[in-house]
1. Tell me, which residue of segment 109-128 that is touching a residue at least 60 places away in the same chain (Cβ under 8 Å) and surrounded by 20 or more Cβ atoms within 10 Å (Cβ to Cβ) is farthest from Arg156 (Cα to Cα)?
2. Is it the case, given these coordinates, that Thr149 is β-branched (Val, Ile, Thr) and in contact with a strand residue (DSSP E or B) (Cβ under 8 Å, 6 or more places away or on another chain)?
3. Has segment 178-200 got at least one residue that is of a type in the set (D, E, K, R), under 13 Å from Pro95 (Cβ atoms) and surrounded by fewer than 24 Cβ atoms within 10 Å (Cβ to Cβ)?
4. Just to be sure I understand, how many residues within segment 125-149 are of a type in the set (Val, Ile, Thr), over 16 Å from the mean Cα position of the chain (by Cα) and within 24 Å of Asp76 (Cβ to Cβ)?
5. So Gly148 clears everything in (1) surrounded by 19 or more Cβ atoms within 10 Å (Cβ to Cβ); (2) out of contact with any helix residue (DSSP H, G or I) (no Cβ under 6 Å at 6 or more places or on another chain); (3) within 28 Å of Glu58 (Cα to Cα) except one condition, right? Which one?
6. Can we say Glu224 is touching a Phe, Trp or Tyr at 6+ places or on another chain (Cβ under 9 Å) and crowded, with 23+ Cβ neighbours inside 10 Å?
7. Would you say Glu98 is touching a strand residue (DSSP E or B) at 6+ places or on another chain (Cβ under 8 Å) and surrounded by fewer than 16 Cβ atoms within 10 Å (Cβ to Cβ)?
Amino acid sequence: MRTRRSLLRTAVAAGAGTLLAIAALPSPPDSTPIDRTVEGSETPPAVDDWTDEPITGETDTPMVRYQYRPIEDGADPNEFDAFVATAPINVVLVPDDEVDGDGLERVMAVLEDEGWLRDPEEYTRYAWDRQESTFVRQQATAAETYYGTSGRLHVRCWSFEGIVSMQAHEDTGARPEHGIASYDRGLEAIESIFDAAGWAVASDAIDLDNEQRDYDGLASVITEDA
């Protein structure tokens, strides 16, 4: 199986010009460089069984595959078909279950230490909770800036059954209308930030079968290394 690490190395070797063409956002002086070299680690046992075959359903694992929006106002959150997918989950984080406290909050603390802001200006999105059979509003969000006037890195997160599913992306400028500039650049930024914070970025990726735009459907796996 080709891993996310091998895919990225192949992309650099075969298409460096394409990668360099992606517009880079200015970052705060003390922020972690997005192009930081990240050494892949072993896949954590908690997700090892999910790296062999593509995951094609929202009820197959605690991870979610997409974030969703309601098709119309007042949609019933218990009706799966009342919502439509908008963006792919591209990072899976595994907090250490032997550490006291909320694993999702420890994930967000890494971003806060990086200087990101919690609960920025953003659209409301949902993810499917397979245990409760209902859509759940984003549980934690963060971005480099509150409004993202000139673009920003931005994430939404959900934590189900001890696994954190993250949708990471780079936004376009907020005016005239906010949009997505890159999913892959958001993923790479999260890998770099969490690697610098001492978390482990696995060599293997999880195939969530949710490729979209510049994202190949292979979600990065990041483990808390307590």
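1. The extreme case among them is Glu114.
2. For Thr149, the condition - β-branched (Val, Ile, Thr) and in contact with a strand residue (DSSP E or B) (Cβ under 8 Å, 6 or more places away or on another chain) - is not met.
3. Scanning segment 178-200, I find no residue that is of a type in the set (D, E, K, R), under 13 Å from Pro95 (Cβ atoms) and surrounded by fewer than 24 Cβ atoms within 10 Å (Cβ to Cβ), so the answer is no.
4. Narrowing segment 125-149 to residues of a type in the set (Val, Ile, Thr): 134, 136, 141, 145, 149.
Right, trim to over 16 Å from the mean Cα position of the chain (by Cα) and you get 134, 136, 145, 149.
From what is left, the residues that are within 24 Å of Asp76 (Cβ to Cβ) are 134, 136.
Selection size over segment 125-149: 2.
5. (3)
6. When the stated conditions are applied, Glu224 does not pass them.
7. On the way: touching a strand residue (DSSP E or B) at 6+ places or on another chain (Cβ under 8 Å): no; surrounded by fewer than 16 Cβ atoms within 10 Å (Cβ to Cβ): yes.
No, not satisfied.
Quick grid of which residues meet (1) closer than 14 Å to Val92 by Cα; (2) of a type in the set (Asp, Glu):
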{"residue": "Glu114", "(1), (2)": "no, yes"}
{"residue": "Asp129", "(1), (2)": "no, yes"}
{"residue": "Ala143", "(1), (2)": "no, no"}
{"residue": "Tyr146", "(1), (2)": "no, no"}
{"residue": "Ile206", "(1), (2)": "yes, no"}
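The values are calculated or read from the model by the stated rules, or taken from the named source; none is laboratory data. On a predicted model such as this, the values are computed, not experimentally measured, just so you know. Glycine gets a Cβ as well: all are built from the backbone with ideal geometry, and neighbour counts include every protein chain shown.
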